[in-house]
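Student: I have a structure here, written as structure tokens, and I will follow up with some questions on it.
The values are calculated or read from the model by the stated rules, or taken from the named source; none is laboratory data. Owing to the predicted nature of the structure, the values given are computational and were not obtained by experimental measurement. Heads up, the Cβs are rebuilt from the backbone with ideal geometry, glycines too, and the neighbour counts pull from every protein chain shown. Accessible surface areas use protein heavy atoms only, side chains included; no ligands, DNA or RNA. Shrake-Rupley method; radii C 1.70, N 1.55, O 1.52, S 1.80 Å.
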Amino acid sequence: MNSELMTVNFGPQHPSTHGVFRLRITLDGETVVGLEPVFGYLHRGSEKLAEERTFTQVITLTDRMDYTSAMTNNQAYVLSCEKLMEVTPPVRAQYLRVISAELSRIASHLIGTGFLINDLGAFITPLMYCFRERERILELFEMLCGARITLTYMRVGGVFQDTPAEFWPALDSFLTDMEFHLDEYESLLTGNEILLSRTVGVSSITTDQALNASITGPILRATGFDWDLRTVDPYEVYNRVNFEVPTGENGDNYDRYLVRIKEMRQSLSIIKQCVEQIEPGKVRLDLPFLIRPDSGEAYGRVESPKGELGFYLISDGSISPYRCKVRPPSLINLTLLNEMIVGWKVADMIVTLGSLDFNMGEVDR
Amino acid sequence: MYGLGIVKGLLVTLKNFVRKPATINYPEQRAPQHSRFRGEEFAWYEERCTGCASCAKFCPLGIIHIETSPSEANIPEGDSYKLEAFDIDIARCMFCGFCVEVCPYDALFMGSGFEEAQYSRQDLVLDKIKDQREGKNKSPSTWFRPQLEAQKYIPLSGTEMKWDDAGREEWTYHPTKRPKRDLLSWRNKNFKNKGEN
């Protein structure tokens, strides 16, 4: 006689699901034997709403998709709008976009790392260290564009305005401090025996599995596959800066953590090079607020902190997009949940969800 | 050696244990706020507003309500519409700032506050005309207003920004300081060759 399995609803109101994400899991004792994710609790219909708004107004909707890195969302959207209109923003605007997107990447990875450690049971200490530095980035964003989370910084044809004078000294002091703080995190976490025993080898996936599920971002790179849109398909000024694409080996939770830490170091180096190279100039094309592209279609994509974020826009020549399809990396990165979680214990499942670093605002849109 | 990583980590926490706190006690102490901060109470200058309703048109949420009527003053001489109502429902506002960005005459500015709790939802509807009549202190944010940044204006300093200093260019509007425009000479200057008809 087989013992009875138990089905449990994990979430939607659970702190470890990082949002309103529900997993219907089947347990054999403490081992997960079946799993069915349920999405849609945060569905706001952004894609449909975009069809009723003008091209510029949609920028405010993209802020609310992946709210931990709104800059990269803005960037992906305005890039696809610019592809649609066949315009190129001024060089200074491109540098400002890259600087702000990399700052956003650091902020997002800080959240990802902090909550991964939080899910491991290191109650709140490392998370608070991460949030201390994230606060500095949010202050920089406030200087830049007046908001901290929902930024609405970029416009089609540039950024909304030039930087204030006090931004550059603040950015410099942040870059200096952040190197020290990254070392601090690493001495706290990397090589910590508790972290190693909980994450090494847990929920590992192979490169083939990841590619077949079209997983992108740090999760793909942790499997050892070198794929980063910033080098594979350089947009903006990424071809003018030198940086490495950090990769892992095993594709397990520990490698995902390591890839994120290494990416933050690379982002710092990208920002430093951009600060050296940037020159004064225009930051915005003379486009009207109400833009009206010719009918056609365009797909713009960026390497967001979570993976490949793309906006597919169709225009019928009117003031609003006919269709605005988002390729959300968080949602697609969740497609291998079965392969990652089934067979592991409940405690490992929570760590895996933390290491995937998904964002329900983007999954449900 | 097993446990070395834990000792290294504990040294970090020990160092952080004795340093100064990174947090502040919020209601008593305030974090420094940049002058570009997009905040709740919009500064609106009736003297600069023509009632064109660009802000209402470009608001992604449609929360700006404007009523105008033809003013009894001389419309052919370029006088603007008379504003009956200018309400902003900040209960649904997301402070994207598009209304400020599209204002062609620099009449609308973002504010600098962020504590917008009220007892009723009706209190969240800002009646800007009433504020103007009551002479409420206007401390606009410098977001998208480079002329205020050039003046090094700090919204939280409490000094009021006057309407004739707030604009991007010299501009004299209704209802008080409007100069009479000599339409005939303006027409002769600008339409010299098209003249006679």
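Student: Could you check the range A:4-23 and list, in sequence order, the residues that are over 30 Å from A:PRO321 (Cα atoms) and either among the aromatic types (Phe, Trp, Tyr) or open to solvent by 80 Å² or more (accessible area, probe 1.4 Å) (or both)?
Tutor: Step one: list which residues in the range A:4-23 are over 30 Å from A:PRO321 (Cα atoms), which gives A:4-18, A:22-23.
Selection gives A:GLU4, A:LEU5, A:MET6, A:THR7, A:ASN9, A:PHE10, A:GLN13, A:PRO15.
Student: Turning to a different aspect of this structure: Given the conditions (1) facing another protein chain (nearest Cβ under 10 Å); (2) free of Cβ contacts under 8 Å to residues at least 12 places away in the same chain; (3) in a helix (DSSP H, G or I), which single one is not true for B:GLU101?
Tutor: (2)
Student: With respect to A:GLY317, is the statement that it is in contact with a helix residue (DSSP H, G or I) (Cβ under 8 Å, 6 or more places away or on another chain) and at pLDDT below 90 true? First the steps, then the outcome.
Tutor: On the way: in contact with a helix residue (DSSP H, G or I) (Cβ under 8 Å, 6 or more places away or on another chain): no; at pLDDT below 90: yes.
The answer is no for A:GLY317.
Student: Separate question: With in contact (Cβ under 8 Å) with a residue 60 or more places away in the chain and either acidic (Asp, Glu) or farther than 29 Å from A:PHE167 by Cα (or both) as the only criterion, which of B:ASP123, B:ASP106, B:ASP89 stands out? Can you show your working first?
Tutor: Numbers: B:ASP123 fails: in contact (Cβ under 8 Å) with a residue 60 or more places away in the chain; B:ASP89 fails: in contact (Cβ under 8 Å) with a residue 60 or more places away in the chain.
Every option except B:ASP106 fails the conditions.
Student: Can you find, within the range B:131-152, the residue that is surrounded by the fewest Cβ atoms within 10 Å (Cβ to Cβ) among those that are of a type in the set (Ser, Thr, Tyr) and within 12 Å of chain A (Cβ to nearest Cβ)? Lay out the reasoning, then the answer.
Tutor: From the range B:131-152, those of a type in the set (Ser, Thr, Tyr) are B:139, B:141-142; that's our starting set.
Now drop any that are not within 12 Å of chain A (Cβ to nearest Cβ), which leaves B:141-142.
On the way: B:SER141: 29, B:THR142: 26.
If we take residues in the range B:131-152 being of a type in the set (Ser, Thr, Tyr) and within 12 Å of chain A (Cβ to nearest Cβ), then B:THR142 is surrounded by the fewest Cβ atoms within 10 Å (Cβ to Cβ).
Student: Against the definition (open to solvent by 20 Å² or more (accessible area, probe 1.4 Å), of a type in the set (S, T, N, Q) and within 14 Å of another protein chain (Cβ to nearest Cβ)), how does A:THR26 come out, yes or no?
Tutor: On the way: open to solvent by 20 Å² or more (accessible area, probe 1.4 Å): yes; of a type in the set (S, T, N, Q): yes; within 14 Å of another protein chain (Cβ to nearest Cβ): no.
Taking the combined requirement at face value, the residue does not satisfy it.
Student: Which residues, taken from the range B:1-28, are under 43 Å from the mean Cα position of the chain (by Cα) and at the interface with chain A (Cβ under 8 Å from one of its Cβ atoms)?
Tutor: B:ASN16, B:ALA22, listed by residue number.
Student: Tell me, yes or no, whether the range A:49-70 has at least one residue that is surrounded by fewer than 17 Cβ atoms within 10 Å (Cβ to Cβ), among the acidic types (Asp, Glu) and in contact with a Cys (Cβ under 8 Å, 6 or more places away or on another chain).
Tutor: Yes: the range A:49-70 contains one or more residues that are surrounded by fewer than 17 Cβ atoms within 10 Å (Cβ to Cβ), among the acidic types (Asp, Glu) and in contact with a Cys (Cβ under 8 Å, 6 or more places away or on another chain).
Student: Pairs needed: first member in the range B:3-28, at negative phi; second member anywhere, of a type in the set (Val, Ile, Thr) and outside any loop (DSSP other than H, G, I, E, B); C-beta distance under 7 Å; at least 6 residues apart or different chains.
Tutor: Correct list of pairs: B:ILE6/A:ILE194; B:THR13/A:THR125.
Student: Within the group A:ARG92, A:ARG97, A:ARG136, which residue is open to solvent by 10 Å² or more (accessible area, probe 1.4 Å) and touching a Gly at 6+ places or on another chain (Cβ under 9 Å)?
Tutor: Values: A:ARG97 fails: open to solvent by 10 Å² or more (accessible area, probe 1.4 Å); A:ARG136 fails: touching a Gly at 6+ places or on another chain (Cβ under 9 Å).
Just a single option satisfies the conditions, and that option is A:ARG92.
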